[in-house]
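Q: Have a look at this one before I ask anything.
Just so it is clear, none of the values below were taken in a lab; they were calculated from the coordinates. None of the values given here were measured: they were computed from a predicted structure. Neighbour counts are summed over all protein chains in view; Cβ atoms, including those assigned to glycine, are modelled from backbone coordinates with ideal geometry.
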Amino acid sequence: MKLLVTGVAGFIGSNFVYHLLETDPGARLVGLDKLTYAGNYENLEALPAEARERFRFVKGDINDRALVERLFSEHAFDGVVNFAAESHVDRAIEDSQIFLETNVLGTQNLLDAARRHGAGTGVRFLQISTDEVYGELGPSGMFTEETPLAPRNPYSASKAAADHLALAFHHTYGMPVLITRCSNNYGPYQFPEKLIPLMIRNALRHEPLPVYGDGKHVRDWLYVRDHCRAVEMVLRSGTPGRVYNVGGNNERENLFVVRKLLSVLRERTGDPEIGEGLIRHIEDRPGHDRRYAIDATRIRTELGWEPETPFEVGIERTIDWYLAHRDWTERVVSGEYLRFYEQNYSGR
Ligand code: NAD
Ligand code: TYD
């Protein structure tokens, strides 16, 4: 299998590269990434030498028509997995322009190239989407693949637009397009602007833990490597034109997650300053979706996928990774990230 994988230097993309090169000795990958603030080539440096021989990294933009065209001409790809995106809701609230450029137009550019180089002949195109395209849930119910799309912030609106476009390429041109919509991922290599790594970093530095609003918003947490297995299964065996929800069966309130992080961190470090006294409730995120929950019946019954990592195990593994990689965290927190942090959190 020869794949073009975009966004490989980000959180889920890098985990997917490790997953696929470890589990499929025949896999060869070309990884395309613009190396934005969220993309770090360092995330791929732990690849063993043997896997490195089957992986080629290209620094570039999914919007670059000439570059994408050249990659498709040079390589006979069997498939494309598009992880590349602007992915942080709070940044989209600050300025959504780049979200539309990357998430919508970038996806369109990749779809166009895939169409020119193999529509109908099997270049499978997997668009990585999110449960956020369905909007928010009340206290009960779950998102199925039939739930109408109702995105409520500029990030999820851009992802929903890309989903519509990807499915339109399937219906219009017969391209074997597939979509996965997953819940909140957690695990190694996640940029410390997202809830779990941000709280770990702040707690270790004895800095306030900024919980938005009452902290009772619910997310379904999925261990990243379980998600990577789902992506591989859908790519290989999913039915073209179909959407597959991917969830962790693990709904938790944000405050529960933060308290769990604090208790494991205190236990691991023995540091008495790490405690619930660090929690600060701050002004809520505008348009903050209250609850997401995934019904993953389709991927379970059609493809036999289930999440394997219980939250208690995944969260301890994640914390241990961040404790062992404190230098990584500090290196990826660039000047640009510090500017965003100051702007997003000051005065709230
Ligand atoms: P991330 O922000 O950690 O990584 C995104 C990667 O894309 C980075 O390496 C970045 O450099 C790259 N990139 C951005 N713009 C690019 C461009 N124009 N051209 C090429 N590369 C570009 O994101 P992530 O958390 O790994 O998310 C990956 C995908 O999964 C995204 O499509 C996101 O919408 C989706 N998703 C993520 C989650 C989650 O919990 N993290 C949940 C649901 C869906
Ligand atoms: P996040 O990791 O940004 O993912 P998403 O918004 O895509 O779900 O946030 C997860 C939850 O945590 C969400 O309800 C917002 C909340 N949150 C905070 O309370 N404080 C924070 O500093 C951040 C980044 C998120």
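Q: For LEU35 paired with GLN343, estimate the spin-label separation in nm (one decimal), with each label point 7 Å from Cα along the Cα-to-Cβ line.
A: 2.3
Q: Between THR23 and LYS2, what length comes free when the chain is fully extended (0.36 nm per residue of separation minus the Cα-Cα distance, one decimal in nm)?
A: Numbers: separation 21, 0.36 × 21 = 7.56 nm, distance 1.41 nm.
My answer for the length gained is 6.1 nm.
Q: Given Cβ point charges of +1 (Lys, Arg) and -1 (Asp, Glu) and nothing else, what value in debye, to the nearest 20, does the dipole of region 287-348 about its Cα centre take?
A: Numbers: 9 positive and 12 negative charges, 60 e Å.
For this selection, approximately 280 debye.
Q: I've got another one for you. Which of THR23, PRO48, ALA76 sits closest to the plus end of the dipole of region 1-117, meaning its Cα is farthest towards the positive end, when Lys and Arg get +1 and Asp and Glu get -1 on the C-beta?
A: ALA76
Q: How much net charge surrounds GLU207 when only other residues with a Cβ under 10 Å from its Cβ are counted (Lys, Arg +1; Asp, Glu -1)? Please report the intermediate quantities before stating the final value.
A: Numbers: positive: ARG201, ARG205, ARG280; negative: none.
Neighbourhood net charge equals +3.
Q: I've got another one for you. Note down the nm distance, to one decimal, between modelled labels 7 Å out along Cα→Cβ at THR172 and at ASP112.
A: Simple spin-label model gives 1.1 nm for this pair.
Q: While we're looking at this one, here's another question. Could you tally the net charge around GLU146, taking each other residue with its Cβ under 15 Å from the Cβ of GLU146, Lys/Arg +1 and Asp/Glu -1? Write out the running numbers ahead of the final one.
A: Values: positive: ARG181, ARG242, ARG298; negative: ASP131, GLU145, ASP163, ASP295, GLU302.
Combined, the nearby Lys, Arg, Asp and Glu give -2.
Q: Given R₀ = 22 Å, FRET efficiency for LEU303-ILE98 by Cβ-Cβ distance, to 0.05?
A: Numbers: r = 34 Å, r/R0 = 1.53.
Calculated value: 0.05.
Q: With only Lys, Arg, Asp and Glu charged, each at its Cβ (+1 for the first two, -1 for the last two), find how big the charge dipole of region 158-254 is about the Cα centre; round to the nearest 20 debye. Don't jump to the answer; show the numbers that get you there.
A: Numbers: 12 positive and 9 negative charges, 37 e Å.
About 180 debye.
Q: Please give the FRET efficiency for SER263 paired with VAL333, using the beta carbon to beta carbon distance and R0 = 30 Å, rounded to the nearest 0.05.
A: 0.75
Q: Taking only DSSP H segments of four or more residues, each worth -39500 (n - 2.57), what value at 222 nm results for the chain once the sum is divided by all its residues, to the nearest 500 deg cm²/dmol? Please report the intermediate quantities before stating the final value.
A: Values: 13 runs with 142 residues, N = 348.
Result for the chain: -12500 deg cm²/dmol, rounded to the nearest 500.
Q: Separate question: Taking R0 as 22 Å, what's the FRET efficiency between GLU316 and GLU273 from their Cβ-Cβ distance, rounded to 0.05? Provide the component values of the computation, followed by the final result.
A: On the way: r = 21 Å, r/R0 = 0.94.
E(calc), rounded to 0.05, equals 0.60.
Q: Counting C-alpha atoms alone, how compact is the chain: give Rg to one decimal and Dmax as a whole number, in angstrom.
A: 19.5, 61
Q: Arrange the peptides 228-235, 127-134 so that the one whose residues have, on average, the most other Cβ atoms within 10 Å appears first.
A: Values: 228-235: 22.0, 127-134: 25.5.
The densest-packed peptide leads the list: 127-134, 228-235.
Q: Arranged from highest to lowest average of other beta-carbon atoms within 10 Å per residue, in what order do the peptides 268-277, 92-101 appear?
A: On the way: 268-277: 12.4, 92-101: 15.6.
Per-residue Cβ counts within 10 Å, averaged per peptide and sorted highest first, yield 92-101, 268-277.
Q: Also: Please report the antiparallel percentage of DSSP beta bridges with both residues in the chain, rounded to the nearest 5. Working shown, then result.
A: Values: 3 of 40 bridges.
Counting DSSP beta bridges with both partners in the chain, the antiparallel share is about 10 percent.
Q: Rounded to the nearest 10 degrees, what's the angle between the helix 65-74 long axis and the longest principal axis of the chain, both from Cα atoms, 0 to 90?
A: Around 60 degrees separate the two axes.
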